[in-house]
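The values are calculated or read from the model by the stated rules, or taken from the named source; none is laboratory data. These figures come from a predicted structure and were not determined experimentally. Note that each Cβ is placed from the backbone with ideal geometry, even for glycine, and that neighbours are counted across all protein chains shown.
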Amino acid sequence: MKTKNILGFLFVLTAHFLFGQNISTIEKQLSKAFQKIDYWSSEGRNNENSYDSLATANTKFEKLLVQYTSSHSQTISHPFKSLEKIGLIIATSEDGKFRIYSWDTWTGGSMHFFKNVFQYEVDKKIYSKTVESQGEGDPGNYYTQVNDIISENKKYYLAQSKAILSSGMSYHAIKVFSIDNGKLNDKAQLIKTQSGIKNQLSYEVDLTASTNRQYEGRDYEIEYDPKNKIISIPLIQADSKITVKKIRYQFKGKYFEKI
């Protein structure tokens, strides 16, 4: 009996060690690939083929991230602290079943181009995918926060994002996602507006506009109150002036509705 107990303990200990070693190896390999992006966008920028090398580094990191996040279940809950320290942005849902990895490709100038990898869990299996940009010249965005919401017994996710259009212009959005029939749906609709049920709320901030020259605040970001289930976005006038007023949408059991 003692021998069986010892063997059982050793099995658990070995499994725990291999698990830790595996995720540690994954993080190191991802970190090494991600550092190539940093190198070709900074120290290696003066190299004759730096732009091509930078593009290649981004592609390699993206493929490696998709590979690991679609085949190793522990990645969806792992903090990846070393990667966050060097620029990877990770936004995870409250239930831990949906995660978005974002990073600056450093292939732009004052307009920043971002890439994203979306990871989600269905029936204890994990999946990972990329979403193509909306078209040529679309810089993409990075995701900062994901909140859960249940409407009519179905789980939805509210993902906040931001695009950097220039040093003084940015684009902000809160978008609805859901997982339908085992697939990620980035067109889920949960926000009721005057023009219909929408997938997202979005707006552009232009700090270079003459109406905002004296503006020094930072209260133009999206805010979400998970307790009262209220989305708040700034009221921006037609002349781009950012006001202190807010437009609010509250979840009413089925949809978010303006209050």
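Filter the range 74-92 for residues that are farther than 21 Å from residue 39 by Cβ, surrounded by 12 or more Cβ atoms within 10 Å (Cβ to Cβ) and not β-branched (Val, Ile, Thr) and give the result.
74, 77, 78, 91
So if I check each of 215, 249, which one is of a type in the set (Phe, Trp, Tyr) and assigned to a strand (DSSP E or B)?
Unique residue meeting the criteria: 249.
Could you check how many residues of the range 234-253 are of a type outside the set (A, V, I, L, M, F, W, C) and within 25 Å of the chain's Cα centre (by Cα)?
Total meeting the criteria: 5.
Table: residues versus (1) over 30 Å from residue 108 (Cα atoms); (2) among the β-branched types (Val, Ile, Thr); (3) at pLDDT below 95; (4) part of a helix (DSSP H, G or I).
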site	(1), (2), (3), (4)
10	yes, no, yes, yes
13	yes, no, yes, yes
17	yes, no, yes, yes
25	yes, yes, no, yes
28	no, no, no, yes
39	no, no, yes, yes
52	no, no, yes, yes
59	no, yes, no, yes
63	no, no, no, yes
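Just name the residue that is farthest from residue 166 (Cα to Cα) out of those in the range 92-141 that are among the aliphatic types (A, V, I, L, M) and either out of contact with any Pro (no Cβ under 7 Å at 6 or more places or on another chain) or in a strand (DSSP E or B) (or both).
Filtering the range 92-141 for residues that are among the aliphatic types (A, V, I, L, M) and either out of contact with any Pro (no Cβ under 7 Å at 6 or more places or on another chain) or in a strand (DSSP E or B) (or both), the one farthest from residue 166 (Cα to Cα) comes out as 122.
May I ask you to list the residues in the range 142-184 that are β-branched (Val, Ile, Thr) and more than 15 Å from the chain's Cα centre (by Cα)?
149, 150, 179
Could you check the range 159-178 and list, in sequence order, the residues that are touching a strand residue (DSSP E or B) at 6+ places or on another chain (Cβ under 8 Å) and in a loop (DSSP other than H, G, I, E, B)?
Correct list: 165, 168.
For every residue, the table says whether it meets (1) of a type in the set (Val, Ile, Thr); (2) loosely packed, with under 13 Cβ neighbours inside 10 Å.
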residue	(1), (2)
182	no, yes
205	yes, no
219	no, yes
224	no, no
232	no, no
239	no, yes
248	no, no
251	no, no
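Of the numbered conditions (1) farther than 27 Å from residue 115 by Cα; (2) free of Cβ contacts under 8 Å to residues at least 24 places away in the same chain; (3) among the charged types (D, E, K, R), residue 192 fails exactly one; give the number of that condition.
(2)
Among (1) under 23 Å from residue 153 (Cα atoms); (2) in contact with a helix residue (DSSP H, G or I) (Cβ under 9 Å, 6 or more places away or on another chain), which single condition is residue 205 missing?
Looking at each condition in turn, residue 205 falls short on (1).
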